[in-house]
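Computed from the coordinates by the stated procedures, all read-outs in this text should not be read as laboratory data. As the structure is a computational prediction, the values presented were derived from the model and not from experiment. Reconstructed Cβ throughout: ideal geometry from the backbone, glycine too, with neighbour counts over all protein chains shown.
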Amino acid sequence: MKKKDQLIIFGTGQHAKVCIDNIEDQGKYKIFGLVTNKKDEVNKSVNGHKIVCLDNDIKKLISENKDIKNYFLGFGPSSGSMQKRFNMYTKLDKILNPVNIINPLSSISRHSKIGKGNLIEAYTKIGNNTTLGNHCYLSSFSCINHDQKISDNVLISGHVGLTGTSVGSGTIISEGALVGFKKKIGKHCFIAENSFVNRNIPDNTLVTGNPPQLIKINKKILKMLSSALLKTISNGK
């Protein structure tokens, strides 16, 4: 039997737990451990996997364990924004290889293109001639219809239907949202739970409801997203 490649996970919360389930289902990688930004978590465990070090100690960990070459970003949006994820993977991609975690119960067209560092959960569907960027998160029972372009660092929650043309980087699409035919969603948008996108959405926009209300995102809106709307994403993941 071929030896599995070692993998480390950055993050220790609900996203990390979901990653662990899908990594174990995929059966391709062995989890070396988890990495945290909280000192009191080191040497504890998450679902049977040890938290091995702090974020700041990752280079030391790699130097001491030469077989660690792969990683996965196991945490979600912070304060209503995907910026923290972007900042983290921009640094990590220079020293480690971001791998795809693809549940074997997902359906991905052989005519699609998938980047790196993506999590694709069970019962998701990616249609033909679709392009998925890097470091995206697709929750169960969501469907990306054919000929769409999903940029980097996009979170798509469960039971989402996409029949548009493109989704910009840093965008969050919450549980149960629907994106209409050939509609475009810009960068750093937030599509709230059960919303219906029936028009093109400009960058930095919050969309909520059906018919949809469009609100320009600012610091006050981000704070509101952090305290309320983020609770709806991926069933609290």
Can you put Ser78, Ser142, Ser166, Ser63 in order of Cβ neighbours within 10 angstrom, beginning with the fewest?
-> Ser63, Ser78, Ser166, Ser142
At a Förster distance of 41 Å, what's the computed FRET efficiency of Ser78 paired with Lys182, Cβ-Cβ distance as r, to 0.05?
-> 0.80
Per-residue Cβ neighbour rank within 10 angstrom, fewest leading, Tyr71, Tyr137, Tyr29 = Tyr29, Tyr71, Tyr137
Could you quote the convex hull projected area for the stretch 47-95, Cα atoms only and averaged over all directions, in nm²?
-> 4.3 nm²
If you bin every alpha carbon distance in the stretch 1-100 into 5 Å steps from zero, what whole percent lands in each bin?
-> 2, 13, 25, 27, 21, 9, 2, 1, 0
With +1 on the Cβ of every Lys and Arg and -1 on the Cβ of every Asp and Glu, the dipole magnitude of the chain about its Cα centre, in debye rounded to the nearest 20, is 460 debye
So how far apart, in nm, are the two label points at Asp203 and Gln14 if each is 7 Å from Cα heading toward Cβ?
-> 3.0 nm
Kirkwood hydrodynamic radius (C-alpha pairs) into Stokes-Einstein, the stretch 101-236, 4 °C and 1.567 mPa s, D in µm²/s | 90 µm²/s
Taking max minus min of the Cα coordinates of the stretch 63-123 on each principal axis, largest first, gives extents in Å of 37, 35, 18
In Hz, Karplus ³J(HN,Hα) per residue of the stretch 156-173 (6.51, -1.76, 1.60; θ = phi - 60°; x = Gly, Pro) | 10, 6, x, 6, 9, x, 10, 10, x, 10, 7, 10, x, 5, x, 8, 10, 10
Set Lys84/Lys219; Lys116/Lys216; Lys30/Lys125; Lys59/Lys84; Lys187/Lys216, cut-off 22 Å on Cα-Cα distance; pairs above it are Lys116/Lys216; Lys30/Lys125
Kirkwood Rh, angstrom, the chain [1 / mean 1/r, Cα pairs] | 18.0 Å
Computed magnitude of the charge dipole of the stretch 101-236 (debye, nearest 20; Cβ of K, R +1, Cβ of D, E -1) = 360 debye
